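Peer 1: Structure in structure tokens, see below.
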Amino acid sequence: SRDAWCHEQQGCARSGHGGKRQGRKFYAEEGDRLAAFAEHQFRLSAKQKDGRTLGEHLRSIAEQTGQEPDGLEPPEFPLSLAYVWRWFIALHNGRSSNGYGANPITWPDMDSYFGLHGLRPSWLELDLIKRLDSVALKSMHEKADEPKQQAEGPKLRPGKPHLRKRKS
């Protein structure tokens with residue numbers, strides 16, 4: 001359970017979970033670390049032209065060369081906010097889309113999720129979830145905005161000009 005996990009980590013930010021309830025400075029600093037971790041995870045999960053993820057390509061390079069390429073090692077994960085990351089991932093995996101792409105996680109989405117789980121997150125935790133959502137959406141939009149290959153025109157036979165016959 002989350003309670004047992006937080007007590008084992010001895011740094012959970014939630015009151016009654018192995019540490020005192022934290023304030024703005026804590027969430028700003030640890031939130032920066034969590035946002036950097038999230039950005040890294042979304043970057044590694046980006047599909048490449050061959051359908052494999054960037055992470056798969058980098059791990060393959062590491063296996064073949066015995067050296068870890070730049071960008072494979074994630075920033076340090078702030079264990080004190082692991083519960084916020086889990087909340088975000090649950091909300092992220094349940095997000096809706098509108099036919100043009102993913103929708104942001106809405107306040108009603110969060111209200112439903114936390115209500116179902118009997119949780120009352122602080123406004124600082126909610127703000128951090130919205131921040132992580134912005135990182136995720138930015139990553140998704142960057143993938144969507146990549147230049148698409150233009151369709152090629154008709155293939156012509158080499159050596160023969162492509163001419164239309166005139167009607168006489």
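Peer 1: Could you check the spin-label model distance between Glu142 and Leu54? Points 7 Å from the Cα along Cα→Cβ, value in nm.
Peer 2: 0.5
Peer 1: I need the calculated FRET efficiency for the pair Ala28 and Asn103, taking r as the beta carbon distance and R₀ as 25 Å, to the nearest 0.05.
Peer 2: Working from the Cβ atoms, E equals 0.40.
Peer 1: Additional query: Could you tell me which of rounded, prolate or oblate describes the range 15-107, using a ≥ b ≥ c as the square roots of the eigenvalues of the alpha-carbon gyration tensor, with rounded for a/c under 1.5 and, failing that, prolate when a/b is larger than b/c and oblate otherwise?
Peer 2: Values: a/c = 2.94, a/b = 1.34, b/c = 2.19.
The shape class here is oblate.
Peer 1: How charged is the neighbourhood of Pro75? Take every other residue with its Cβ under 10 Å from the Cβ of Pro75, and add Lys/Arg as +1 and Asp/Glu as -1.
Peer 2: Details: positive: Arg33; negative: Asp32, Glu39, Glu73, Glu76.
Local charge sum for Pro75: -3.
Peer 1: Report the full-extension gain for the segment Lys130 to Glu73: residue separation times 0.36 nm, less the Cα-Cα distance, to one decimal in nm. Display every interim value, and only then the final one.
Peer 2: Values: separation 57, 0.36 × 57 = 20.52 nm, distance 2.50 nm.
Working it through step by step, the gained length comes to 18.0 nm.
Where a number appears in this text, it was derived from the coordinates with a stated rule and is not lab data. These figures come from a predicted structure and were not determined experimentally. So basically every Cβ, Gly included, is an ideal-geometry build from the backbone, and we count neighbours across all protein chains shown.
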